[in-house]
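Written below as C-alpha cells is the structure these notes are about.
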Amino acid sequence: MQRKKLVIIGNGMVGHHFVETLVQSPAAQSFDITVFGEEPRPAYDRVHLTSWFETRNPEALSLASLDFYRTHGIDLHLGDKAISIDRTHKIVRSEKGIEVAYDILVLATGSYPFVPPIPGHNQEYCFVYRTIEDLEAITQAAGESRIGTVVGGGLLGLEAAKALQDLGLETHVVEFAPRLMAVQLDEDGGAMLQRKIEALGVGIHTGKNTRNITPGKFQRLKMEFTDGDALETDLIVFSAGIRPRDELARQTGLEVGDRGGIVIDDQCRTSDPDIFAIGECALWHGQIFGLVAPGYQMARVVADLLSGREAAFTGADLSTKLKLMGVEVGTIGDSHGRTPGAHSYVYKNEADEVYKRLIVSQDNHKLLGAVLVGDSSTYDTLLQYYQNGIDLPQPPDALILPNTEAAPTGLGPDALPESATLCSCHNVTKGQVVELIDQGVAALADIKAETKASTGCGGCAGLLKSVVDAELARRGIEVNKDLCEHFPYSRQELYHIIRVEQIRTFDELLEKHGKGLGCDICKPAVASILASYWNDYVLSDKYFKLQDTNDYRLANLQKDGTYSVVPRIPGGEITPEKLIVLGEVARKYKLYTKITGGQRIDLFGARLEQLPHIWQELIDAGFESGHAYAKAVRTVKSCVGSTWCRYGVQDSVGMAIFLENRYKGIRAPHKIKMAVSGCTRECAEAQCKDIGVIATEKGWNLYLCGNGGMKPRHADLFATDLDDETLVRIIDRFLAFYIRTADRLQRTAAWMENLEGGLDYLRAVIVDNKLGICAELERQIQHLVETYECEWKKTLENEEILKKRFRFFVNAEGSDDNVVFIEERGQIRPATLEEKRRIKGIPIELEKAS
Amino acid sequence: MTVTTMTETWIDVCRVEDLEPDAGICALVEGHQVAIFYLPKLEEVFAIGNYDPFSHANVLSRGLTGDIGGEPVVASPVYKQHFNLRTGRCLEDKSISVPCYPARITKGRVQIQLSAQGDPV
C-alpha cells in the first residue's frame with residue numbers, strides 16, 4: 001500500500017499528543033509523518049511552565065524526546081517555522097526553505113499571548129509568558145529589577161505574578177476587568193481571591209485600563225492608566241489572554257472566525273477537507289479552547305478519523321481546579337449561574353477566607369456549576385456530580401457547608417459509574433482503571449503508566465488514588481507492610497509499640513511482639529527507633545549487636561574491608577589549624593583524602609585497629625564524630641552568605657552551623673542532609689536536600705523533602721519568610737514527625753510521595769497542629785538535642801570496648817593481609833583482585849571460594 | 001569442593017569472654033581467618049570463613065546475625081548476602097558457599113576444627 005504523507009505544523013502539547021496518539025493507532029502504518037516546530041526543543045509541558053523556575057531545567061518539562069521521534073521514523077524539524085501552505089500543489093514550505101508535500105495536513109499552531117496595543121508595550125523589559133525562552137528572559141531581567149507588574153489577572157497572569165514574587169520582586173497585577181479571574185469566578189469569588197492574594201503581598205489593581213507606558217521617574221517604567229492613576233515598575237509581563245495562531249490559515253485562504261481562529265467542524269476539519277486544525281488555534285462553534293484537555297480531545301478525534309474510525313469533537317468541560325499562589329481555586333461548569341431557572345447556594349466565611357457557591361438546576365436535583373475559593377477539597381466530588389449527572393443529596397448545601405457530623409462525607413469512589421471520566425486530559429474512565437486492576441495491575445504507578453491518567457494537568461491525582469485504593473480494598477488486596485519475618489508490624493507500628501510500652505531493648509521487643517532471633521533488617525531498624533527515642537549510647541551492651549557494621553565501628557566500611565573516617569565540620573566551616581590536623585593525621589596513617597559533597601573531608605583506608613588511634617588525635621584537636629556511618633542527620637551544607645558574599649541577604653554559615661550543632665547525630669529512618677543558602681541564587685543547593693533553607697530579605701524560606709541521588713526530587717517550598725525561632729521550631733517538628741512515621745530506609749522524599757494528603761497534610765500537622773502533637777514532637781527533639789554525646793569521645797573513654805571491638809584478630813596481633821593498597825595520583829587506593837594476585841599470589845581463601 | 005576430614009583435632013582459639021553475644025569475632029587459626037559467632041539463644045557457637053566471596057574482602061565476622069526461615073545466618077556487611085552459619089551456604093546464590101568449621105565451647109574455651117565441613121559445592 002502506498003503510504004500517504006502527513007504533515008503536522010506545530011509541536012506544542014497538542015501537536016505532540018496527536019503524534020503520540022497516531023503512532024499507537026492503526027493509522028501509524030499508513031503515513032509518512034513530518035513535523036514542523038518553531039521552538040528549538042520538542043514539545044514540553046506548557047501547562048506547568050511555571051515549574052521551570054523550580055529546576056531551571058527545560059528537560060524537566062519535556063514531554064517528548066528526540067528519540068521518540070527518531071524511533072518512530074518521524075521527520076522532525078525543530079527551530080524551523082512553517083511559513084506557507086500551497087493548497088494547490090499541497091506543499092508546506094518552511095523558513096529554512098524546506099518543502100514537504102502532504103496528503104493530509106494538521107495545524108496545531110496553538111496561540112500567542114495577547115498584548116494589548118498600549119503605546120510603549122514593545123520596549124525592553126516588557127515580556128510575555130509563553131515559552132521557556134520567555135521565562136529565561138524574565139529571570140534575567142528580574143535580577144536587575146525591584147518591582148515587577150503583570151498585566152492580566154486571569155489564570156496565567158496570577159501564575160506569572162507568583163513567578164515574579166518568587167524571583168524576589170515586589171509584585172503587582174493590573175487587570176482590566178473589575179475582578180480577578182473574571183472568566184471563571186463570580187463577583188464574590190473574585191473578591192475573596194483578591195483578598196487572599198493581597199494578603200500574600202501582591203498589589204492588585206482591578207478595573208485599570210493602561211493608556212501608556214513611558215520611562216519612569218523612580219523605576220524603569222511607568223504605566224499610566226485611563227483613570228489618571230499611575231504605577232511605576234521595572235518590568236512588565238503581559239498575560240492578558242491568548243489569540244489563536246491562524247496566520248498560516250489566513251494566508252492560504254482557509255475560513256477563519258471574525259475574531260480569529262481556524263474554523264473547524266465536529267471532525268476538526270477546516271474549510272479544506274484535507275486540512276485539520278486542533279488545539280488553541282481552532283475555532284469550534286465560535287469557541288476557542290484555551291485549555292489542554294479539549295486540545296487533546298481534538299487530537300484524538302483526528303487520529304481516530306485517520307484510522308478509519310468515526311469520531312467527533314463535541315465540546316469540552318472547562319472545569320478547572322488549581323492553586324494560585326497557594327490559594328485553592330476551583331470552578332465547575334456554569335460558574336456564573338447563567339442557565340435559565342438555575343439557583344445558587346452560597347457559603348462565605350470571611351474569617352477563614354473561604355467562598356463556595358453551588359449552582360443547581362431548577363428542580364434542585366442536578367449540579368450545574370460551582371465556584372470554590374480558599375478550599376477546593378470538595379472539587380473532585382462536585383465534579384463527579386456534575387459530569388455524571390448524579391442526583392444531589394438533599395439539601396444540596398450540605399456539600400459546601402463546613403464538616404458537621406450530619407454532613408455527608410462526600411461521594412465515595414464506589415458511587416461513581418464505570419463511565420465516569422477520572423482524567424479528562426487523557427480521557428481515562430473509571431471502567432478502564434477497574435479493568436486494569438482486574439488484570440492484576442495493582443500499583444498506582446503502573447496504572448498511571450498504563451493509562452496516562454493524572455499525568456496531564458495532574459488535577460485528578462487524588463481521585464485516581466481513591467478509586468484505585470477503593471478497588472483494591474474491595475478485592476481484599478492488602479499490601480504487606482511487615483518489617484520482616486520476625487515482626488508482623490510496619491516500622492511505624494513498632495515505633496508506637498516501643499513508645500506506648502516504653503520498651504528499651506531489642507530483646508524485650510522481640511520477646512513480646514516478635515519471634516526468632518531477628519535479622520539484619522529488623523535489628524538496625526529497631527536500633528534506630530530506640531536511638532531516636534531514648535538516645536542511649538549505641539555501643540552499650542544492649543545495643544551494639546543491633547548495629548550494622550558502620551555503626552558498630554563508628555566508621556564507614558569500604559569495599560576492601562577498611563574504613564573511612566569523616567569528622568564533623570559544621571556548615572563546612574573549618575579553621576586552618578584544623579585543616580592542618582586533618583592533613584597530618586591523613587599523612588601519618590597514610591589515608592586517602594577526598595572532599596565530600598557535604599563539605600567535609602573523608603579519610604579512607606583506615607584499618608579497624610587504627611580507628612581509635614586516628615580518632616584520639618582528631619578528638620584531641622577538637623573534632624567530633626561526623627555520623628557519616630549512621631542513618632542520621634549528616635551535614636548542613638552552606639554557602640558563604642551575607643558575611644562575605646555581595647549578594648547574600650542572611651548569615652547562611654551561622655545558621656548552618658547552628659542547625660548542624662542542634663541536630664547532629666539524630667538517628668532517623670535514613671540519612672538526612674540539610675543545606676542553607678544565603679540568597680535566592682542558592683549556591684548551597686538547598687532544594688535538593690531533605691531540609692533546605694534559603695535566605696530571603698525577611699527571613700528564611702523552608703524547603704522540605706528534596707533529594708539528589710538516584711531519583712532526584714525537587715524539595716517542596718513549605719513555608720516562607722520565617723524568623724530564626726519559627727524556622728527551628730518547624731524543623732524540630734518535621735524531623736520528629738518523619739522519624740516517627742517513615743518506613744525503614746525511606747528518605748524524606750519517598751516519605752512525602754507516599755504521605756497521604758501530601759504537603760497540605762504535613763502543613764496541617766506540623767504548622768496548624770491538627771493532631772495536637774506538636775508539643776510532643778518538639779519535646780522529643782529537645783530531648784535528643786540535650787542528650788547528644790560525641791560517640792567517638794565516649795568510646796575512647798571505654799577501654800573494654802576499644803580492646804574488644806577494635807582489634808582485627810581475637811587471638812593474635814596483626815591485621816588483614818588481604819588489604820593491599822596501590823598508589824595512584826599520589827595517594828593510596830585499594831588494589832584490584834588482579835593486582836593482588838600479581839603482588840602476593842592468590843590468597844588461599846580466594847581459591848577455596850572460587 | 002569437598003575437603004576430607006584429616007584429623008579430629010580441636011584447636012583452641014580464645015576465651016568464652018572474648019565472644020560477642022549475637023555478633024561475630026575474627027580469629028587467626030593456622031593462617032586462616034575464621035569468623036566465629038555466638039548466639040546465646042541457641043546456646044551455640046558457629047565458625048565460618050571470614051572471606052566474603054562477593055566482595056572479596058575479609059569481613060564476614062563483622063556482619064549482623066539472625067535467622068531466616070529458622071536457620072541461623074550472618075549477613076555480609078558489604079553487599080548483604082546471607083550465609084547459613086550451619087552450612088556456609090549462601091541463601092541468595094545456592095552455588096556459593098564459604099568454609100564452615102565445627103566449633104564448640106568447652107571448659108570456658110572456644111575451640112574449632114579446621115577441617116572445613118561446608119556443603120559440597
Residue list for region B:70-92, filter: at the interface with chain A (Cβ under 7 Å from one of its Cβ atoms), open to solvent by less than 40 Å² (accessible area, probe 1.4 Å) and part of a loop (DSSP other than H, G, I, E, B): B:P77, B:V78
Checking A:H513 against (1) farther than 13 Å from A:R805 by Cβ; (2) crowded, with 24+ Cβ neighbours inside 10 Å, which single condition isn't satisfied? (2)
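Output the residues belonging to region A:508-524 that are free of Cβ contacts under 8 Å to residues at least 60 places away in the same chain and facing another protein chain (nearest Cβ under 9 Å). Give the steps one after another, and end with the answer.
To start, the set of residues in region A:508-524 that are free of Cβ contacts under 8 Å to residues at least 60 places away in the same chain comprises A:508-520, A:522-523.
Within region A:508-524, A:G516, A:L517, A:G518, A:C519, A:D520, A:C522, A:K523 meet the criteria.
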Evaluate the following for A:V47: is it touching a Cys at 6+ places or on another chain (Cβ under 6 Å) and open to solvent by less than 70 Å² (accessible area, probe 1.4 Å)? yes
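Please determine whether any residue of region A:559-576 is in a helix (DSSP H, G or I), within 13 Å of another protein chain (Cβ to nearest Cβ), surrounded by 21 or more Cβ atoms within 10 Å (Cβ to Cβ) and of a type in the set (D, E, K, R). Quick ask: steps written out before the conclusion?
Here is the first cut: in region A:559-576, the residues in a helix (DSSP H, G or I) are A:570-572, A:576.
Pick out the ones that are also within 13 Å of another protein chain (Cβ to nearest Cβ) and you get none.
No, because not a single residue in region A:559-576 is in a helix (DSSP H, G or I), within 13 Å of another protein chain (Cβ to nearest Cβ), surrounded by 21 or more Cβ atoms within 10 Å (Cβ to Cβ) and of a type in the set (D, E, K, R).
If only one of A:D520, A:D507 is open to solvent by less than 30 Å² (accessible area, probe 1.4 Å), of a type in the set (D, E, K, R) and either touching a Lys or Arg at 6+ places or on another chain (Cβ under 8 Å) or not in a helix (DSSP H, G or I) (or both), which one is it?
None of the others qualify; the one that does is A:D520.
So which of A:A750, A:A831 ends up being in contact with a strand residue (DSSP E or B) (Cβ under 6 Å, 6 or more places away or on another chain) and of a type in the set (A, V, I, L, M, F, W, C)?
A:A831
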Report whether or not A:K848 is at pLDDT 95 or above, among the basic types (K, R), open to solvent by 30 Å² or more (accessible area, probe 1.4 Å) and part of a helix (DSSP H, G or I). no
Restricting region A:91-113 to residues that are closer than 23 Å to A:M298 by Cα and open to solvent by 50 Å² or more (accessible area, probe 1.4 Å), the one modelled with the highest pLDDT turns out to be A:D103
What number of residues within region A:295-319 satisfy the criterion of being surrounded by fewer than 22 Cβ atoms within 10 Å (Cβ to Cβ) and either more than 18 Å from A:V106 (Cβ to Cβ) or not basic (K, R) (or both)? 12
Filter region A:379-391 down to residues that are surrounded by 20 or more Cβ atoms within 10 Å (Cβ to Cβ) and either of a type in the set (D, E) or not in a helix (DSSP H, G or I) (or both), then give me how many there are. 1
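Does region A:50-61 contain at least one residue that is at pLDDT below 90 and on the phi > 0 side of the Ramachandran plot?
Yes.
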Those residues of region A:694-726 that are open to solvent by less than 70 Å² (accessible area, probe 1.4 Å) and charged (D, E, K, R) come to a total of 3
In the set A:S532, A:S528, which member is within 14 Å of another protein chain (Cβ to nearest Cβ), assigned to a helix (DSSP H, G or I) and among the small types (G, A, S)? A:S528
Residue check: is A:Y345 open to solvent by less than 20 Å² (accessible area, probe 1.4 Å), among the aromatic types (F, W, Y) and in contact (Cβ under 8 Å) with a residue 12 or more places away in the chain? no
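So which residues in region A:535-558 are part of a loop (DSSP other than H, G, I, E, B) and either at the interface with another protein chain (Cβ under 7 Å from one of its Cβ atoms) or surrounded by fewer than 22 Cβ atoms within 10 Å (Cβ to Cβ) (or both), if there are any at all?
Selection gives A:N535, A:D536, A:Y537, A:L539, A:S540, A:D541, A:K542, A:D548, A:Q558.
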When (1) within 14 Å of chain B (Cβ to nearest Cβ); (2) surrounded by fewer than 16 Cβ atoms within 10 Å (Cβ to Cβ) are applied to A:E824, the one that fails is (1)
Among the numbered criteria (1) in contact with a strand residue (DSSP E or B) (Cβ under 6 Å, 6 or more places away or on another chain); (2) at positive phi; (3) open to solvent by less than 30 Å² (accessible area, probe 1.4 Å), which one does A:M181 miss? (1)
Taking only pairs six or more apart or across chains, which ones have beta-carbon atoms under 7 Å, a first residue in region A:296-308 that is free of Cβ contacts under 8 Å to residues at least 40 places away in the same chain, and a second residue that is open to solvent by less than 30 Å² (accessible area, probe 1.4 Å)? A:V301/A:C268; A:V301/A:A311; A:V301/A:F313; A:L305/A:A311
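Answer with yes or no whether A:R740 is outside any loop (DSSP other than H, G, I, E, B) and crowded, with 16+ Cβ neighbours inside 10 Å.
Numbers: outside any loop (DSSP other than H, G, I, E, B): yes; crowded, with 16+ Cβ neighbours inside 10 Å: yes.
In short, yes.
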B:D67 fails exactly one of the following numbered conditions: (1) assigned to a strand (DSSP E or B); (2) surrounded by fewer than 23 Cβ atoms within 10 Å (Cβ to Cβ); (3) in contact with a Phe, Trp or Tyr (Cβ under 9 Å, 6 or more places away or on another chain); (4) at the interface with another protein chain (Cβ under 7 Å from one of its Cβ atoms). What is the number of that condition? (3)
Is it the case that A:G73 is modelled with pLDDT under 90 and on the phi > 0 side of the Ramachandran plot? yes
Answer yes if at least one residue in region B:35-54 is crowded, with 22+ Cβ neighbours inside 10 Å, at pLDDT 95 or above, more than 10 Å from chain A (Cβ to nearest Cβ) and under 17 Å from A:R807 (Cα atoms), and no otherwise. yes
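Among what's in region B:93-112 and is surrounded by 14 or more Cβ atoms within 10 Å (Cβ to Cβ) and more than 10 Å from every other protein chain (Cβ to nearest Cβ), pick the residue that is farthest from the chain's Cα centre (by Cα). Steps first, answer last, please.
Taking region B:93-112 and keeping what is surrounded by 14 or more Cβ atoms within 10 Å (Cβ to Cβ), we get B:96-103, B:105, B:109-112.
Next, only the ones that are more than 10 Å from every other protein chain (Cβ to nearest Cβ) stay: B:100-103, B:105, B:109, B:111-112.
On the way: B:C100: 6, B:Y101: 7, B:P102: 9, B:A103: 9, B:I105: 14, B:R109: 17, B:Q111: 12, B:I112: 10 Å.
Among residues in region B:93-112 that are surrounded by 14 or more Cβ atoms within 10 Å (Cβ to Cβ) and more than 10 Å from every other protein chain (Cβ to nearest Cβ), the one farthest from the chain's Cα centre (by Cα) is B:R109.
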Out of A:T696, A:T741, A:T726, which single residue is over 25 Å from A:L784 (Cα atoms) and of a type in the set (V, I, T)? A:T696
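The values are calculated or read from the model by the stated rules, or taken from the named source; none is laboratory data. Keep in mind it's a predicted model, so treat the numbers as computed, not measured. Glycine also receives a Cβ, built like all others from the backbone with ideal geometry; neighbour counts cover every protein chain displayed. We work out accessible area using only protein heavy atoms, side chains counted, and drop any ligands, DNA or RNA first. Shrake-Rupley method; radii C 1.70, N 1.55, O 1.52, S 1.80 Å.
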